[in-house]
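Colleague: Have a look at the structure that comes next, please.
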Amino acid sequence: MLSAFEWMVARRYLRARREEGMISVIALFSLVGISLGVATLIVVLAVMNGVRGELIKSIIGLEGHVSVYSNSRGIDDFDAITQKIAALPNVKSALPKVEGQIMASYKGTSMGAMVAGMRAEDLKQKPLLISKIVEGDIGAFERGEGVVIGQRMAEKMGIEVGDELLLISPEGRATFAGLVPRVKAYPVVALFSVGMFAYDSGLVLMPFNEAQIYFKLTSGEGAGSANAIEVTGADPEKAREIAREIATALGASFRVYDWKSSNSGIFQAVIVQRNVMFLILTLIILVASFNIISSLIMLVREKGRDVAILRTMGASRASIMRIFFACGAGIGVMGTIVGVALGLLIAFNTENIQLWLESMMGHKLFADELYFLSHLPSKVEMSEVVTVVAMSLGLSFLATLYPARRAARLDPAEALRYE
């Protein structure tokens, strides 16, 4: 612990006089560098957490926690299989789906898309979709009168509610002239916008029965087939365990994927970006810590005579070391406090700041095609803030050790002789 005398001397040294202005400027740069490094690191970690959370929310909200596929073309007894899966522990719900890749076309504009055929009662179990209908009537979908597409797809193709969207499937029918693609037009009854570019620009929701007909999964008798079963568990983090339970219950004739393995590429990219940014911003704090070393070394050289007088008056080497350690630590602590305050302020207001900057600049800051999301989410984890604070203070304290030891080892006789 520092004594009142040591605190007084340390504060006096930090308030440099006019002839010591360069020391004060270097100390100020050190403080600003640490503040910016800490603030930026907190904001980046919060944004990365927010992006990961939004991706997970969107993916499991639209695709479920686990997907089950048959090794054959379709699942004929899908209702029985669905009930069997729903009866397993940790499974909250299971619903059959018809999935397929198609080409969507409207007035000469074409783009690839994924069709998801669902029952109306199953669609109601997806609040992420139902609550994001921005135009049209979802009741028409429930009556089987048309399809629902993403708002960005509608904007790209220039299609509006009520227009007919042409769907082209590569799995056509064989004729004497060769393979003819399957083509059918469906009216667009509603538009959705979930905030994730991949879905808003490439997903077509179709009534389950109509999807069976379009993808030729109907049969002369019975309910036809599904080609996928979407499973939602009680806890998304236990999806891998649920997938293993389902695979054991159904046997080798089915393929089971959890949401983590199905989207591993996206999440690995987010993790790599997060780690790289953490390393780069840590280097910024490290550079600022080296500025503390240079400013304290200059302060020791400037205060050599003062140190010698203090030593002759009875101050111990440990006391001198604590004085200069307090000078460097004060810069590190103040810089860290300012950085945390600034970082949290920005992290809690990222979306407002984004909207303000976009209104000032007149264009979007982040392209949805590159960043998957249409907004910049943020989620502050206090454990990460504590880690950043500990790292910043640790680097700052380490940076003060060498100059403080150098000041403590200064020989009073030598210092006064050269003065």
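The values are calculated or read from the model by the stated rules, or taken from the named source; none is laboratory data. Since the model is a prediction, treat every value here as computed from it, not as a measurement. For neighbour counting, all protein chains shown are included, and Cβ atoms are generated from backbone atoms with ideal geometry for every residue, glycine included.
Colleague: Is it the case that region 220-233 has a residue that's in contact with an Asp or Glu (Cβ under 6 Å, 6 or more places away or on another chain), surrounded by fewer than 21 Cβ atoms within 10 Å (Cβ to Cβ) and either of a type in the set (Gly, Ala, Ser) or not in a loop (DSSP other than H, G, I, E, B) (or both)?
Modeller: No, region 220-233 contains no residue that is in contact with an Asp or Glu (Cβ under 6 Å, 6 or more places away or on another chain), surrounded by fewer than 21 Cβ atoms within 10 Å (Cβ to Cβ) and either of a type in the set (Gly, Ala, Ser) or not in a loop (DSSP other than H, G, I, E, B) (or both).
Colleague: Please find, within region 407-419, the residue that is modelled with the lowest pLDDT out of those that are in a helix (DSSP H, G or I) and surrounded by fewer than 17 Cβ atoms within 10 Å (Cβ to Cβ).
Modeller: Once the filter is applied, the top-ranked residue is Tyr418.
Colleague: Before we move on, is Lys97 surrounded by 16 or more Cβ atoms within 10 Å (Cβ to Cβ) and either within 20 Å of Gly61 (Cβ to Cβ) or of a type in the set (A, V, I, L, M, F, W, C) (or both)?
Modeller: For Lys97, the condition - surrounded by 16 or more Cβ atoms within 10 Å (Cβ to Cβ) and either within 20 Å of Gly61 (Cβ to Cβ) or of a type in the set (A, V, I, L, M, F, W, C) (or both) - is met.
Colleague: So which pairs qualify, if the first residue must be in region 132-144 and farther than 14 Å from Gly162 by Cβ, the second must be of a type in the set (Asp, Glu) and crowded, with 17+ Cβ neighbours inside 10 Å, the Cβ gap must be under 8 Å, and the two must be at least 6 apart or on different chains?
Modeller: Gly144/Glu210
Colleague: Moving on. Take the conditions under 38 Å from the mean Cα position of the chain (by Cα) and either of a type in the set (A, V, I, L, M, F, W, C) or in a helix (DSSP H, G or I) (or both) and apply them to Val340. Does it pass?
Modeller: Against the criterion (under 38 Å from the mean Cα position of the chain (by Cα) and either of a type in the set (A, V, I, L, M, F, W, C) or in a helix (DSSP H, G or I) (or both)), Val340 qualifies.
Colleague: Find the residue count for region 275-288, including only residues that are touching a Phe, Trp or Tyr at 6+ places or on another chain (Cβ under 9 Å) and either among the polar types (S, T, N, Q) or without any contact (Cβ under 8 Å) to a residue 12 or more places away in the chain (or both).
Modeller: 0
Colleague: From Val256, Val272, Val300, Val307, grab the single residue that is crowded, with 17+ Cβ neighbours inside 10 Å and either without any contact (Cβ under 8 Å) to a residue 24 or more places away in the chain or in contact with a strand residue (DSSP E or B) (Cβ under 7 Å, 6 or more places away or on another chain) (or both).
Modeller: Testing whether each residue is crowded, with 17+ Cβ neighbours inside 10 Å and either without any contact (Cβ under 8 Å) to a residue 24 or more places away in the chain or in contact with a strand residue (DSSP E or B) (Cβ under 7 Å, 6 or more places away or on another chain) (or both) leaves just Val256.
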